[in-house]
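Note sheet for the following structure.
The values are calculated or read from the model by the stated rules, or taken from the named source; none is laboratory data. Since we're looking at a predicted model, the values are computed, not measured. Every residue, glycine as well, gets a Cβ built from its backbone with ideal geometry; the counts of neighbours run over all protein chains shown. When the accessible area is computed, the model is the full protein with side chains, heavy atoms only, and any ligands, DNA or RNA have been set aside. Shrake-Rupley method; radii C 1.70, N 1.55, O 1.52, S 1.80 Å.
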There are 2 protein chains.
Amino acid sequence: MAFEERLQAAAEATEAALDRFLPTEGAAPGSIAEAMRYAALGGGKRFRPFLVLESARLFAGPAEAALNVAAAFECVHCYSLVHDDLPAMDDDDMRRGRPTVHKAFDEATAILAGDALLTLAFEILGDAGTRADPQVRADLVLCLARASGAAGMVGGQALDLAAEKRALDEPEIVRLQAMKTGALIAASCEAGAIVAGASGDDRARLRRYGEIIGAAFQLADDLLDVAGDAAAVGKRTGKDAERGKATLVSIHGEDWARARLDELVQEASAVLDTFGVKASVLREAPRFVAERTS
Amino acid sequence: MAFEERLQAAAEATEAALDRFLPTEGAAPGSIAEAMRYAALGGGKRFRPFLVLESARLFAGPAEAALNVAAAFECVHCYSLVHDDLPAMDDDDMRRGRPTVHKAFDEATAILAGDALLTLAFEILGDAGTRADPQVRADLVLCLARASGAAGMVGGQALDLAAEKRALDEPEIVRLQAMKTGALIAASCEAGAIVAGASGDDRARLRRYGEIIGAAFQLADDLLDVAGDAAAVGKRTGKDAERGKATLVSIHGEDWARARLDELVQEASAVLDTFGVKASVLREAPRFVAERTS
């Protein structure tokens, strides 16, 4: 099946690109390089890189430049996991079936490795070696920074921590998820369009597609936390209920959530109608997100 | 005196620029915006912004664009202080005479506010609103990222933490300081040249000047830790000795350090000879660094 093959190919290409960009052990002091590699290599579905690559491919974008952008976005995703897992944050010991970075190394190393991964993402985007023209590189930096900062992913994590102290209402939950998960996923889709030199309208279309995918992704994640198997998921489940954290699933129930997921799959697909058969791989992504079990 | 006036003017302009770029309270969730503003506003000598601005002025660079770059570099400096002060790192309670961010807020907020400040720096540089052309913006992103990442500031902090576990030898100490303090200071000087469109030779010259300034800055810092007054310095002193951390001052003594500082002041000045009287303000910077008491 085309979709799974493309996802697998994207994961392999991203792993190789990250391996090239990450410092080698000994090149950076202490255990920083080792911790960065531990955090970024050897795991993950590489879903954001897949979105970058397929969005770029939709507009016949340059494959090498797109791959570098994909690696940059994955660095930001990996950094966010390392920091979110810290004791002061979500305090998680396991991630992708392995000890989290602060468990495998120590807290200071985890903080620094996360900082270094975030910085590396921008180094990759700023570098002329990424083979994108300067205007594209500057646009990509802005796209990634906006998705990652206080108005994006970091802000979403802050809201998520606040949610442990007081129950959020539904609009707040939707906002939290749009920031914490949705912003980087939407930016990944837009970044593929940017690196391919797509028009402003097409950039907006891919961003909209990514926003819907992000909402589906988070809804699926909330369902997994309720109904998933910890061994398959690779991390602890049942965390939301344990922490009294409201989610759309806890508010509306699992049946509603599954029906809403189906709607989102349709909506995402509809956004891509204008691209016809060229978008067939991207059109399968929401279904994959909705049906994932880990 | 011209130097102190320029430093003061740079500090005021940077404060105003940061105030514009930082999210306002309520714009970002939880206390993130508040913590970012607490970390970045109302304190600091703004020495890195001063270096960006004066380096740009040396080549008649555009003042508004240079100021935005200066603010971006200060964001990175402030983020590094917030993360370095964390309990898992240097565990400091006071900074610039006020409680550190994790004391005034909490640890999670400090980690996230640091992450958001780092991200904001790249958002500023990537934004067309900074009024620099795309090639300049991409070059600035690369310059800042290289100075800040695993091979720069983050790597230096990792070496510094390693130094608490085993005594570093002199070459390692020099490397640590070049990475932890020197890299961002050197990059600030180079960034001023970049935003002004200076030649490659002049960029290299400013970078060299910045490296020397960085070495002087760190030597003065080590002297302050030995001989400074905590109230004037605004943070705890005597930390290096207490932690058994070797510095060039502990190896060679205070007299040697003061003589070495004088040499560095001469060297930095000599690098600027080619620019004649235009560089008179920058030529005073190393003297200021060497003689600072806080």
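If I go through region B:74-108 residue by residue, how many of them are of a type in the set (S, T, N, Q) and over 25 Å from B:Leu125 (Cβ atoms)?
1
Which residue, of A:Ala60, A:Ala70, A:Ala27, A:Ala33, is farther than 21 Å from A:Ser148 by Cα and in contact with a Pro (Cβ under 7 Å, 6 or more places away or on another chain)?
A:Ala33
Could you list all residues from region A:162-183 that are open to solvent by 30 Å² or more (accessible area, probe 1.4 Å), out of contact with any Gly (no Cβ under 6 Å at 6 or more places or on another chain) and not small (Gly, Ala, Ser)? So that I can check it myself, show each step before the final result.
Filtering region A:162-183 for residues open to solvent by 30 Å² or more (accessible area, probe 1.4 Å) gives A:164-167, A:169-172, A:174-175, A:178, A:180.
Next, from what is left, pick out any that are out of contact with any Gly (no Cβ under 6 Å at 6 or more places or on another chain): A:164-167, A:169-172, A:174-175, A:178.
Scanning region A:162-183 gives A:Glu164, A:Lys165, A:Arg166, A:Asp169, A:Glu170, A:Pro171, A:Glu172, A:Val174, A:Arg175.
I'd like to know if region A:157-175 contains one or more residues that are part of a helix (DSSP H, G or I) and among the small types (Gly, Ala, Ser).
Here is the first cut: in region A:157-175, the residues part of a helix (DSSP H, G or I) are A:157-162, A:170-175.
Going one step further and asking which of them are among the small types (Gly, Ala, Ser), we end up with A:158, A:162.
Yes, region A:157-175 has at least one match.
Test A:Ala113 against the stated conditions and say whether it is open to solvent by less than 20 Å² (accessible area, probe 1.4 Å), more than 7 Å from chain B (Cβ to nearest Cβ), part of a loop (DSSP other than H, G, I, E, B) and not charged (D, E, K, R).
Criteria not met by A:Ala113.
Considering only residues that are surrounded by fewer than 24 Cβ atoms within 10 Å (Cβ to Cβ) and touching a Phe, Trp or Tyr at 6+ places or on another chain (Cβ under 8 Å), which ones fall in region A:15-46?
A:Ser31, A:Glu34, A:Tyr38
Could you check A:Thr100 against (1) β-branched (Val, Ile, Thr); (2) facing chain B (nearest Cβ under 8 Å); (3) farther than 16 Å from B:Thr109 by Cα and say which number it fails?
Of the numbered conditions (1) β-branched (Val, Ile, Thr); (2) facing chain B (nearest Cβ under 8 Å); (3) farther than 16 Å from B:Thr109 by Cα, the odd one out for A:Thr100 is (2).
Mind checking which residues of region B:92-101 are open to solvent by 20 Å² or more (accessible area, probe 1.4 Å) and either on the phi > 0 side of the Ramachandran plot or of a type outside the set (D, E, K, R) (or both)?
B:Met94, B:Arg96, B:Gly97, B:Pro99
Would you mind stating whether A:Glu123 is in a helix (DSSP H, G or I), over 26 Å from B:Asp85 (Cα atoms) and out of contact with any Phe, Trp or Tyr (no Cβ under 6 Å at 6 or more places or on another chain)?
The answer is no for A:Glu123.
For a quick check of your reading of the model, give me the residue pairs whose first member lies in region B:196-215 and is free of Cβ contacts under 8 Å to residues at least 24 places away in the same chain, whose second is part of a helix (DSSP H, G or I) and surrounded by 23 or more Cβ atoms within 10 Å (Cβ to Cβ), with beta-carbon atoms closer than 7 Å and at least 6 apart or on different chains.
Sorted first by the residue in region B:196-215, then by its partner, the pairs are B:Arg203/B:Glu190; B:Arg203/B:Ala193; B:Arg203/B:Ile194; B:Arg207/B:Ala186; B:Arg207/B:Cys189; B:Arg207/B:Glu190.
Could you give me the residue pairs with C-beta distances under 6 Å whose first residue belongs to region B:63-85 and is in contact (Cβ under 8 Å) with a residue 40 or more places away in the chain, whose second residue is open to solvent by 10 Å² or more (accessible area, probe 1.4 Å) and not in a helix (DSSP H, G or I) wherever it lies, and which are 6+ apart or on separate chains?
B:Glu64/B:Arg131; B:Ala65/B:Arg131; B:Ala65/B:Ala132; B:Asp84/B:Asp90
If you scan region A:62-91, which residues turn out to be among the acidic types (Asp, Glu) and open to solvent by 10 Å² or more (accessible area, probe 1.4 Å)?
Within region A:62-91, A:Glu64, A:Asp84, A:Asp90, A:Asp91 meet the criteria.
Give me the pairs, please: first residue somewhere in region B:266-292 and among the hydroxyl-bearing types (Ser, Thr, Tyr), second residue anywhere and crowded, with 19+ Cβ neighbours inside 10 Å, beta-carbon distance under 6 Å, and either six or more positions apart or on two chains.
Listed by first residue and then by second, the contacts come to B:Ser269/B:Arg283.
Only one residue in B:Leu112, B:Leu120, B:Leu140 is touching a Leu at 6+ places or on another chain (Cβ under 6 Å), in contact (Cβ under 8 Å) with a residue 24 or more places away in the chain and not small (Gly, Ala, Ser). Which one?
Numbers: B:Leu112 fails: touching a Leu at 6+ places or on another chain (Cβ under 6 Å); B:Leu120 fails: touching a Leu at 6+ places or on another chain (Cβ under 6 Å).
One residue alone meets the criteria, B:Leu140.
If I ask for residues that are in a helix (DSSP H, G or I) and more than 7 Å from every other protein chain (Cβ to nearest Cβ), which ones from region A:129-156 would you list? It would help to see each step written out before you state the result.
Quick first cut of region A:129-156, residues in a helix (DSSP H, G or I) only: A:129-130, A:134-148, A:153-156.
The answer is A:Gly129, A:Thr130, A:Val136, A:Asp139, A:Leu140, A:Cys143, A:Leu144, A:Ala147, A:Met153, A:Gly156.
Which residues, counting only those in region B:126-149, are aliphatic (A, V, I, L, M) and open to solvent by less than 10 Å² (accessible area, probe 1.4 Å)?
Passing the criteria: B:Ala138, B:Leu140, B:Val141, B:Leu144, B:Ala145, B:Ala147.
With the condition being within 28 Å of B:Glu284 (Cβ to Cβ), I'd like the helices (runs of 4 or more DSSP H) fully within region B:26-102 carrying at least 2 qualifying residues. Step through it out loud before you land on a result.
Numbers: elements: B:32-40, B:47-58, B:63-84.
Correct list: B:47-58, B:63-84.
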